[in-house]
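For reference, the structure discussed in these notes is given below.
The values are calculated or read from the model by the stated rules, or taken from the named source; none is laboratory data. All of these numbers come straight from a predicted model, not from anything done at the bench. So basically every Cβ, Gly included, is an ideal-geometry build from the backbone, and we count neighbours across all protein chains shown.
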Amino acid sequence: MRLSLVAATVALWMTTTVHGQSPNERLIQAGTTSDYPLVAPNDNRDPAGILAGDTLELSLEIHLADWRPETPDGPGLIVAAVAEAGGTPMIPAPLIRATEGTVIRASVTNSLADSALTVFGFHEHPSQRSDSLVVLPGETKEVLFDPGAAGTYLYRMRIGDYEPSRFIDPERDQLVGAMIVDPPGGSSPDRVLVMNVWSSVVDSAVVGTDYIEGLTINGKSWPYTVRERPQVGDTLRWRVINGTGRNHPMHLHGFYYHVTSRGDLLSDEIYAPEDRRLVVTETMRGHTTMAMEWVPTRPGRWLFHCHLSFHVSPDIRLPGATDPHGHGRSHMAGLVIGIEVQEGPTDLIERFDPREITLYANEYPADTLHEYGFDLKEVSDVSLERAIVPGPVLVMKQHEPTYVTVVNNLPVPTGVHWHGLELDAWADGVPGWSASDGRVSPEIPPGGKFEYKLSLMRPGTFIYHSHLDDVHQLTAGLYGAIIVLPDGETYDPDKDHLAIVGWRTTDPQSMSDVELNGADEHPTKSAVVGEEHRIRIINIAPAGNIFASMMKDSVAVPLIAIAKDGADLPRNQQVAFERTPKLFVGEAADFRFTPQEAGTYELFVGYSPRSGWRQKWVVSFAAGSK
């Protein structure tokens, strides 16, 4: 999308006058040094300030600094960063942590020579609006405030006195930190993880082409991010702060987690136990917070990461960065942390004899809609075939161990992740990382194969998809759905419907190649009054968010939420929606639809009322009824 001349001029002004440097001048080549202090990655374990009685004395300074998101001798960026007075600049900004009833006296010194600074979040919580503190170049200002109610919050600083649309504004969200308010008596042990971003358009006339950017968790990009090393059975409490203006669907491999609170700069809603959501993916909108709790119940190496493909793509690495794992630019970077659960027992259960499936990853002619696709048969002559996208629905039975041999008939390596399933780590499908019991999920080379063992711990809706060169392989067609049924239940596609959204493009600006169930047109469905239907919705596109609705005569007909990410919802969370909540990348949700009247209905699935798919449903009375 090309900007107007005025917008392009504004973007150019923002990228060239803030600190008097262009994006290219901000880039530090690997193996070189700079005259600026080196940024320290902030692991958010040590709170800033000094407690004097009931007052936390906090003194912060903002300096230009040398930020290396990977290694100290790797490529870096000259950015503004926050330090405690006389200390080392750090990203994220220093952790502010206080107990309810404590007063915070904060001073902020702006050491930047040419840019004003606006500070947000130094106020009582909850609040209806964010107080701001403007600090001019060379100036120090002080503010005294009560942080308010216990919860997980953030504070942020904005460079300059002008904030246009983020589509033309260079992102400066490295100046964001966590603000934690503990209840009297303290909180249970927890871990604070803050996501930050610095981004500038290199070619300011065209958005989405060339960026220099750093996306990090606690100041580092994968594979240099923090490692968590819990024991089997530990209760892990994480406070996750999205310090960026972007949305991040945060996905945990191999386990579910409870969302215990959601908040932002102004407030934090701490959920009652019955209102906590059980998920494998929870989307955090820009500048929001989340508290989560989970228990690793089997050993191995796992991941927690943003599922938006562009935020974990190796393409976001700074020019000159090298991959220590030898994947070249085909694997992951950015918003990812590794979890290494120590040796211990497993919770996996098997109640039936094993089943075996062979799944082929095939290549198809370049002039077809999809370059790649999964199939249950090996294509002998791809010139005569079209890819099946999504891949075949894999219908499985709870507690029936299933061995899936993936045969790679592609010209490139691949690997398959079994998204949402609770299984052995070695079968989780992140090439070169997923490991347990002395085994590792490999890159499957062209012409090679690998047998994954799927443990099916609960009935529900799950996803299988490539976990290598995600942006290309997902948009090429390497994804599909898994439906796990309880013992004794059969799959009836006339009453059990799948809606899976993907892309046929790697370009986030081109929405013309977005697809539902691999197609643009969808056959009419037939239903009977009073008959219960299940609609399973999956978003496995590289980016974007979708919703669904059912209409009759322009009036919304409720869809009842019954499951999220494969986990059945408790009764109090099974609520009716005229328009479902947004589902971001890596999220799945199931809804119940029971028509009460005969007539013509329309199921809509899409990004906005003007961008999506409509499917006609014809509902009639059952034979012999009125």
Exercise for review: Just name the residue that is modelled with the lowest pLDDT out of those in the stretch 380-397 that are buried (at least 18 other Cβ atoms within 10 Å of the Cβ) and in a loop (DSSP other than H, G, I, E, B).
Suggested key: Ala387
Practice item. Using the structure shown, decide if Leu252 is under 19 Å from the mean Cα position of the chain (by Cα) and aliphatic (A, V, I, L, M). Key: yes
**Study point:** Val406 being modelled with pLDDT of 95 or more, of a type in the set (A, V, I, L, M, F, W, C), surrounded by 21 or more Cβ atoms within 10 Å (Cβ to Cβ) and not in a loop (DSSP other than H, G, I, E, B)
**Key:** yes
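If you go through the stretch 1-58 one residue at a time, how many are of a type in the set (Ser, Thr, Tyr) and at pLDDT 55 or above?
The total comes to 5.
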Point to revise | Unmet requirement for Phe122, which otherwise passes all of (1) surrounded by 15 or more Cβ atoms within 10 Å (Cβ to Cβ); (2) farther than 24 Å from Asp43 by Cβ | key: (2)
Review point. Does Gly300 satisfy the condition of being modelled with pLDDT of 95 or more and surrounded by 23 or more Cβ atoms within 10 Å (Cβ to Cβ)?
Key: yes
Exercise for review: Answer yes or no: is there a residue in the stretch 160-176 that is buried (at least 18 other Cβ atoms within 10 Å of the Cβ), in the same structural domain as Pro47 (by TED's automatic domain parsing), among the hydrophobic types (A, V, I, L, M, F, W, C) and assigned to a loop (DSSP other than H, G, I, E, B).
Suggested key: yes
Check your understanding: Which residue out of Glu57, Glu84, Glu70 is of a type outside the set (Ser, Thr, Tyr), within 17 Å of Gly214 (Cβ to Cβ) and either buried (at least 22 other Cβ atoms within 10 Å of the Cβ) or assigned by TED's automatic domain parsing to the domain that holds Ile104 (or both)?
Key -> Glu70
Review point. Looking at the stretch 307-324, is at least one residue at pLDDT 95 or above and either part of a strand (DSSP E or B) or in the same structural domain as Val575 (by TED's automatic domain parsing) (or both)?
Key: no
Revision key, fill the gap. All conditions in (1) within 17 Å of Glu171 (Cα to Cα); (2) modelled with pLDDT of 95 or more; (3) among the β-branched types (Val, Ile, Thr) are true of Ile96 except (1)
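Name the one entry in Ser510, Ser554, Ser549 that is at pLDDT below 95 and within 21 Å of Val619 (Cβ to Cβ). Spell out how you get there, then give the answer.
Details: Ser510 fails: within 21 Å of Val619 (Cβ to Cβ); Ser549 fails: at pLDDT below 95.
From the options Ser510, Ser554, Ser549, the qualifying one is Ser554.
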Practice item. Check Thr358 against each of (1) at pLDDT 95 or above; (2) hydroxyl-bearing (Ser, Thr, Tyr); (3) buried (at least 18 other Cβ atoms within 10 Å of the Cβ) and name the one condition it does not meet. Key: (3)
**Study point:** Failed criterion for Pro570 (all others in (1) surrounded by fewer than 20 Cβ atoms within 10 Å (Cβ to Cβ); (2) within 29 Å of Leu478 (Cα to Cα) hold)
**Key:** (2)
Exercise for review: Mind listing whichever residues of the stretch 472-502 are touching a Pro at 6+ places or on another chain (Cβ under 8 Å) and either hydroxyl-bearing (Ser, Thr, Tyr) or without any contact (Cβ under 8 Å) to a residue 40 or more places away in the chain (or both)?
Suggested key: Thr475, Tyr479, Glu489
Exercise for review: Only residues that are of a type in the set (A, V, I, L, M, F, W, C) and over 18 Å from Ala178 (Cβ atoms): list them for the stretch 94-132, please.
Suggested key: Val103, Leu112, Ala113, Ala116, Leu117
Point to revise | Subset of the stretch 228-276 (residues that are in a loop (DSSP other than H, G, I, E, B) and among the aliphatic types (A, V, I, L, M)) | key: Val232, Leu265, Leu266, Ala272
Practice item. Could you check Asp568 against (1) modelled with pLDDT of 95 or more; (2) within 26 Å of Ala519 (Cβ to Cβ) and say which number it fails? Key: (2)
Exercise for review: Name the residue, out of Trp433, Trp426, Trp418, that is out of contact with any Phe, Trp or Tyr (no Cβ under 8 Å at 6 or more places or on another chain), crowded, with 21+ Cβ neighbours inside 10 Å and among the hydrophobic types (A, V, I, L, M, F, W, C).
Suggested key: Trp433
